[in-house]
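Notes for the one structure printed next.
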Amino acid sequence: MKNRVFYGIEPHINNYNAKDFSRGDYEGCMLFQTKKGTPVVVSRSKSMDIWQVQYGLSSVFFGTKAEALAFCKGKFFDADGQAV
């Protein structure tokens, strides 16, 4: 069992913005969450037309936004807990 103490507001996906996860050549565009509430970021490359889905320690790359969202469909949830 892990005891967690939060000072201030408890971390929740609603407290984040997709732009907060922008780094390097990738710009955060959409933000989802896993069943456990950890963030899932859909990012777009600024230099090439490549889309990236990051969750946990994994990164999956796609050629189009539609392919990236199709990957997320049924696996991840929006900020309200509804399936994508």
Collect the residues in the stretch 23-49 that are small (Gly, Ala, Ser) and at pLDDT 90 or above, keeping them in residue-number order. Gly24, Gly28, Ser43, Ser45, Ser47
Please name all residue pairs, on different chains or six or more residues apart, with Cβ atoms under 9 Å, provided the first residue is in the stretch 57-84 and is over 20 Å from Gly37 (Cα atoms) and the second residue is loosely packed, with under 13 Cβ neighbours inside 10 Å and charged (D, E, K, R). Gly63/Asp49; Thr64/Asp49
Extreme residue, nearest to the chain's Cα centre (by Cα), among residues of the stretch 56-84 that are part of a loop (DSSP other than H, G, I, E, B), surrounded by 11 or more Cβ atoms within 10 Å (Cβ to Cβ) and of a type in the set (Gly, Ala, Ser): Ala79
Hits in the stretch 32-53 (condition: of a type outside the set (Gly, Ala, Ser), surrounded by fewer than 17 Cβ atoms within 10 Å (Cβ to Cβ) and touching a Phe, Trp or Tyr at 6+ places or on another chain (Cβ under 8 Å)): Thr34, Lys35, Thr38, Lys46, Ile50
Could you please let me know if Val40 is among the β-branched types (Val, Ile, Thr) and within 9 Å of the chain's Cα centre (by Cα)? yes
For the stretch 47-84, which residues satisfy the criterion of being within 20 Å of Arg23 (Cβ to Cβ) and of a type in the set (Asp, Glu)? Asp49
Using beta carbons and a limit of 8 Å, which pairs, at least six apart or on different chains, have the first residue in the stretch 20-48 and at positive phi and the second one in a loop (DSSP other than H, G, I, E, B)? Gly37/His12
If we keep only residues of the stretch 25-55 that are among the small types (Gly, Ala, Ser) and assigned to a strand (DSSP E or B), then the residue nearest to Gly74 (Cα to Cα) is Ser43
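The values are calculated or read from the model by the stated rules, or taken from the named source; none is laboratory data. What you see is a predicted model; the values in this text were computed from it and never measured. All Cβ positions, even for glycine, are placed from backbone atoms using ideal geometry, and neighbour counts span all protein chains on display.
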